[in-house]
Every structure is written in C-alpha cells, then in structure tokens.
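The values are calculated or read from the model by the stated rules, or taken from the named source; none is laboratory data. Note that the structure is predicted; figures quoted are calculated from it, not measured. No Cβ is skipped: glycine too gets one built from the backbone with ideal geometry, and neighbour counts run over all protein chains shown.
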Amino acid sequence: SSARIAGLGTTIFAEMSALAARTGSINLGQGFPDTDGPDEVVDRAVDALRSGRNQYAPGTGVPELRAAIAAHQQRLYGLAVDPGEEVAVTTGATEAIAAALLGLVDPGDEVVVLEPYYDSYVAVIQMAGAVRRPVTLRAPDFRLPLDELRAAVTPRTTAILLNSPHNPTGTVLRRDELEAVAALAVEHDLVVISDEVYEHLTFDGLPHIPIATLPGMAERTLTISSGGKTFSFTGWKVGWATGPATLVRAMLGAKQFLTYTSGSPLQPAIAHALGADDAFFDDLTARMQAQRDLLCEGLAELGLDVFVPEGTYFATTDIRPLGFDDGLEFCRMLPERAGVVAIPHQVFHDSEAGRPLVRWAFCKRPEVIADALERLQALRR
Ligand code: PMP
Ligand code: GLN
C-alpha cells in the first residue's frame, strides 16, 4: 500500500461496530440513530426511484436539492448563496471534506485542525500531502484555547478545518471563539473549511453560528453539512458544500474525479426534507437533548466524570474515577465485560489529552440507552 495511507489503519468506527456486532453489544460507538427519519422523506426517495430518476445527476447535484440547500442557508442563517455556482452536492460530508482538502491544499501546506479531530480529517490531510497542526480542546470544558490557536498558525498555514458543533467533545463554538478564528483567517488570508454536520443538534437553546456569517468570512469559508444527522438518514450519504464560487469550484475540481456525481434518487428526498418547518428541527433537538440527559445522568451515577455536551450525538466521560486510565483498552474490554460499545478519544488525538476519555453516543431510543446503562452496572461489580 502507498505512503499516502501509511499508518492510518482501520477507522475506529469500523473496528468498534464490528466488535458490537460480534459480541451482541449495544452500539453507543458509531454515531448513527436507531430510528430512521420521516416516512414522507423515504416516500420521496421511492417516488424518485420509481419515476426514472436513476441516471447520473449533474456533477453539482440535482437542481432542486441545490435550491433547497441555498434556501435553508438563507432562511436559517441569512446567508445568500447562489444555487448555480455556490452550492455543490457530495457523497456525504465526508466526500466534501476530502474533496475540499484535495482541491484547496497543496503538499507541504499546514492545516490547523481542532483536536480531538474527526478521524477522516487526519487521513485526508495526509492523503493531500499536507501537515496537520492540532489545537487541543481540553477537559473539563473543551473551549477553544485562543492563544494556542494563534500559535498554531505559521507562514505555511493555508487552511483552518473547523468543526462546530464539535465531534467528539460536543463543544458548540461561541461567537467570541468564532471571531478569533475569523480574525486569524483574515489576517493570514486563510481558507476556512467548516464542518457543520451537527448544525441542527445544539442543546439548551444555544445557537449554531456558521462562521461564514461573520464579517469577512463568507468570501473565504467553505461550509460543509449533510442530511445524515439532521434527518436521521446517515446511510444515504447526501452531503453538500456551500461558499464562494472559487472555493466550490476547487472542491468540485477534485470531486469530479473522485465520484463524478452523487446518487440521484436520494437527492430530491433530501431537498424535500430541507424544507422542514421549525417544529421538525425543534422536535429533533428536544428528543436528542432528553436522550443526552438520560445518558449523562446514568453515566454520572455509575461514577464516571461526565462532560455534558452542548451539541452533537455524543457525550464524553473521564474513566479514571472507575479505576481505568486507557480509553482504548477500556473500549476494547467493555463489550465482553458489559455488552456495550463506546469510542476512545485517544484515536482522535496526537497528544495524550484524550487517553482517559471515552465517547458515548446518545442518538438511540431512550429504552436502548436505559438498557445500556443497566448493562454498564457490570463495571461496578
Ligand atoms: N463530520 C463529522 C464531524 C462527523 O461526525 C461525521 C459523521 N457523520 C461526518 C463529518 C461525516 O458525515 P457524512 O456521513 O455525511 O459523510
Ligand atoms: N460521524 C459518526 C461518528 O462520529 C460516524 C462515523 C463513521 O462511521 N465514519 O461516530
């Protein structure tokens, strides 16, 4: 195999989901909901399949989805993007991230990335021949350390890869944090690639603020999201990028030779879904917040140190109060011991900061979370 993928190994999500299947464990590892999204959205996909929309979509995506994405950005955030030139549909946010890095970053460039980082970031930065410069969000509150952020930017930096709401810590970046990122980006003329797949999953009334809405940022930000988390169709892999035509074109320059175009019949269905009213998004947030609280309270009762997340599908704990200190060992032991799967933060870190931290997904029905908590009582025995 090539140097491009050297050391990347197998993604932790594949390892842990396979372990869950093999041991019959409850999978609080990989972040996918255990309840599908709305039937009416499925019906739209079936209609598309049945009405002959089964050949290649345009490279940028089907027009009604691009229009729906543009309308969503306008309605929720007041961001004006032209569906013709400033929106592109991708195969999940994953492809958008990969194509953005391949299309925007040169070998040897440095990319600032929040640590812990979503695992595909590191892999794609490496495949692009670029160098990651992690800035660590640390327990207990996982805020963005602004001095360290500034120190991470060097003359070789060309991009900041941002993620808010942040996987795995659950941090939702505040306006002052985003302003600090924006100031740096403007000062050093950097591109910001902003992964906002959890944009509709912020809790306790915290707003999601796209960094593209800050002064001077719309022209240098490629905003990435997908329908997976928002509409509970993670397996559909319908994602997108929005931003200035120059950045979207660069992303498409790579995407056209990765997948050419993305799956046609699911696109009109996600276009329909994006038209959901506020009640739909409020209901999603309320359900997920209730599940967060159920899981976090249960994990705290078990004796773990729990860091209650502000957003996403995930809660983080420190396992040391239970006498463990290595999250990877803990997660490899947990299925046998308790019949539950979780994800170690360690694999999302260069530094040691993630060693005692473990991530638990709460995008599961309350009864499943309750069952998992019951099983985890085995840790006390
Ligand atoms: N970014 C983050 C932060 C994620 O957690 C995920 C996981 N879904 C993705 C990107 C990938 O999104 P998609 O499934 O749309 O490719
Ligand atoms: N984004 C989800 C997570 O973080 C799923 C990741 C994946 O399977 N690649 O768990």
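Some values worked out for this structure:
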| read-out | value |
| --- | --- |
| Search result, residues across segment 334-347 that are surrounded by fewer than 24 Cβ atoms within 10 Å (Cβ to Cβ) and within 22 Å of the chain's Cα centre (by Cα) | Gln346, Val347 |
| Candidates Thr136, Thr94, Thr157, filtered to the one that is in contact (Cβ under 8 Å) with a residue 40 or more places away in the chain, within 16 Å of ligand 2 (Cβ to nearest atom), in the same structural domain as Gly227 (by TED's automatic domain parsing) and of a type in the set (Val, Ile, Thr) | Thr94 |
| Those helices (runs of 4 or more DSSP H) lying entirely in segment 201-313 with at least 1 residues closer than 21 Å to Thr169 by Cα | 227-231, 278-301 |
| Residue in segment 61-92 that is surrounded by the fewest Cβ atoms within 10 Å (Cβ to Cβ), counting only those that are within 20 Å of Ser264 (Cα to Cα) and polar (S, T, N, Q) | Thr91 |
| Among residues of segment 157-178, those that are assigned to a strand (DSSP E or B) and among the small types (Gly, Ala, Ser), counted | 1 |
| Residue match in segment 137-149 (condition: of a type in the set (Gly, Ala, Ser), part of a helix (DSSP H, G or I) and at pLDDT 95 or above) | no |
| Residues within segment 24-51 that are in contact with a strand residue (DSSP E or B) (Cβ under 8 Å, 6 or more places away or on another chain), polar (S, T, N, Q) and more than 16 Å from ligand 1 (Cβ to nearest atom), tallied | 1 |
| Enumeration of residues in segment 192-206 that are surrounded by fewer than 24 Cβ atoms within 10 Å (Cβ to Cβ) and either free of Cβ contacts under 8 Å to residues at least 12 places away in the same chain or among the hydrophobic types (A, V, I, L, M, F, W, C) (or both) | Phe203, Gly205, Leu206 |
| Long-range neighbours under 6 Å by Cβ, at least six apart or interchain, first residue more than 19 Å from Pro210 (Cβ to Cβ) within segment 223-239, second within 7 Å of ligand 1 (Cβ to nearest atom) | Thr234/Gly228; Lys237/Gly92 |
| Matching residues in segment 231-243 - criterion: being under 13 Å from the mean Cα position of the chain (by Cα) and surrounded by fewer than 24 Cβ atoms within 10 Å (Cβ to Cβ) | Thr234, Lys237 |
| Among residues of segment 209-230, those that are under 20 Å from Gly92 (Cα atoms), within 15 Å of ligand 1 (Cβ to nearest atom) and either surrounded by fewer than 19 Cβ atoms within 10 Å (Cβ to Cβ) or not charged (D, E, K, R) (or both), counted | 9 |
| Verdict on Ile26 being outside the structural domain of Pro107 (by TED's automatic domain parsing) and within 24 Å of His349 (Cα to Cα) | no |
| Sole residue being away from ligand 1 (no atom under 16 Å from the Cβ) and at positive phi, chosen from Gly129, Gly170 | Gly129 |
| Scope segment 175-188; condition closer than 20 Å to Pro244 by Cα and touching a residue at least 12 places away in the same chain (Cβ under 8 Å); matching residues | Leu178, Glu179, Val181, Ala182, Leu184, Ala185, Val186, His188 |
| Tally, over segment 299-319, of residues that are within 18 Å of the chain's Cα centre (by Cα) and under 16 Å from Val341 (Cα atoms) | 4 |
| Unmet requirement for Met16, which otherwise passes all of (1) more than 28 Å from Pro335 (Cα to Cα); (2) within 16 Å of ligand 2 (Cβ to nearest atom) | (1) |
